[in-house]
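Below is one structure; the comments refer to it alone.
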Amino acid sequence: MFINIQKPLVIFDLETTGISTTNDRIIEMYLIKLSPDGSEDHKRYLIHPGIPIPEQSSAIHGIYDKDVEGLPGFAAIAKELSKYLDNCDFAGFNSNRFDFPMLVEEFLRHNIDFDIENRKFIDVQRIFHTLEPRNLAAALRFYCQKDLVDAHSAKADTVATFEILKAQVEKYDQLEPNIDFLHNFSGQANLVDLAGRIVKNEKGEIVFNFGKHKGKTVQQVFKQESSYYDWMMKGDFPQQTKNVLTKLRLKEFNKQ
């Protein structure tokens, strides 16, 4: 086994209608589920997004409206997928900032509160950009001496990500082959919400990471400007961010 894991690790990639976690939808998903015994399980989902696929997106991943016509939407696989991903950690390429937030947002749209607190996240792109700044195709060429064929298909990108992660762990002595180290090295550890709007500072305090209150603790903002919560709840923020904010607000309220 190239990495020490105590529970299943899912390497995955999404193809979507666009890059907005709030407005866009998943079209294709490919997953490699790696078990502690070293066995692998591969799954692919092609999903009707429920909205038209923009031409500019289709030009990238090659999936058009005609390709998903008549296929089930995310609602049809949500429960099955949630169960399949139960008690799993995750790895992907730019997954911390895009793929995982997008996946969680889809679950929330279908009333599945997908747990993120007890999971670890490895972002292969973050490791790559920290140690060898380039893109996915260059990463595959650099680490595995292969050309990325059929780029922007979920399967090709997922398999490439899997191969790069294995090669990274083998190549760099400073990378410890365990989930906790790679989770922290990938830069996910300080995020409170997946979109990075709320983070933990160096003192471990939960602070806002954007706008006029950037750097201020959530507790401080709630006390000084209680309407800020309502503004965020009505704003164009991911549902997962709003859920986190609500939990923090209720926690603060219960202290009073």
(message) Can you compute the radius of gyration and Dmax for the range 122-256, using only the Cα atoms, both in Å?
(response) 19.3, 59
(request) Please report Rg over Rh for the range 21-84, where both radii come from the alpha carbon positions and Rh follows the Kirkwood definition. (result) 1.04
(request) Enter the per residue convex hull volume of the chain, computed from alpha-carbon coordinates, in Å³ rounded to the nearest integer. (result) 144 Å³
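Take every DSSP beta bridge whose two residues both sit in the chain, then give the antiparallel share in percent to the nearest 5. Write out the running numbers ahead of the final one.
On the way: 20 of 27 bridges.
Rounded to the nearest five, the antiparallel share is 75 percent.
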(request) Compare SER58, SER226, SER95 in a GNM of the chain, Cα atoms joined below 10 Å, and give the one with the largest fluctuation. (result) SER226
(request) Starting from the amide H of ILE122, placed 1.01 Å from N in the peptide plane, find each other amide H under 5 Å away whose residue is 5 or more places distant or on another chain. (result) PHE90, ALA91, GLY92
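Please report, in cubic angstrom per residue, the volume enclosed by the convex hull of the alpha-carbon atoms of the range 78-138. Before the final figure, lay out each step's value.
Details: hull volume 5.4 nm³, N = 61.
It comes to 88 Å³ per residue, whole-number rounded.
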(message) Could you give me D for the range 198-255, from Stokes-Einstein at 10 °C and 1.306 mPa s, where the hydrodynamic radius is the Kirkwood radius over C-alpha pairs? Units µm² s⁻¹, please.
(response) 137 µm²/s
(message) Going by amide H atoms built from the backbone, whose H comes under 5 Å of the H on ILE27, apart from near neighbours?
(response) GLU15, THR16, THR17
(request) Rank-order 9-16, 28-35, 167-174 by packing density, defined as the average count of other C-beta atoms within 10 Å over each peptide's residues, highest first. (result) 9-16, 28-35, 167-174
(request) For every other residue with a beta carbon closer than 14 angstrom to the beta carbon of ALA59, add +1 if it is Lys or Arg and -1 if Asp or Glu, then tell me the sum. (result) -4
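Taking Cα atoms of the range 1-149, Rg/Rh with Kirkwood Rh, to two decimals?
On the way: Rg = 15.8 Å, Rh = 16.5 Å.
When Rh is taken as the Kirkwood radius, the ratio is 0.96.
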(message) Cut-off 10 angstrom, C-alpha nodes, Gaussian network model of the chain. Which of ASN118, ASN135, ASN96 fluctuates the most?
(response) ASN118
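None of the figures in this text is laboratory data; all of them are computed from the coordinates on show. This one's a predicted model, so the numbers in the text were calculated from it and none came from an experiment. Backbone-built Cβ (ideal geometry, glycine too); neighbour counts: all protein chains shown.
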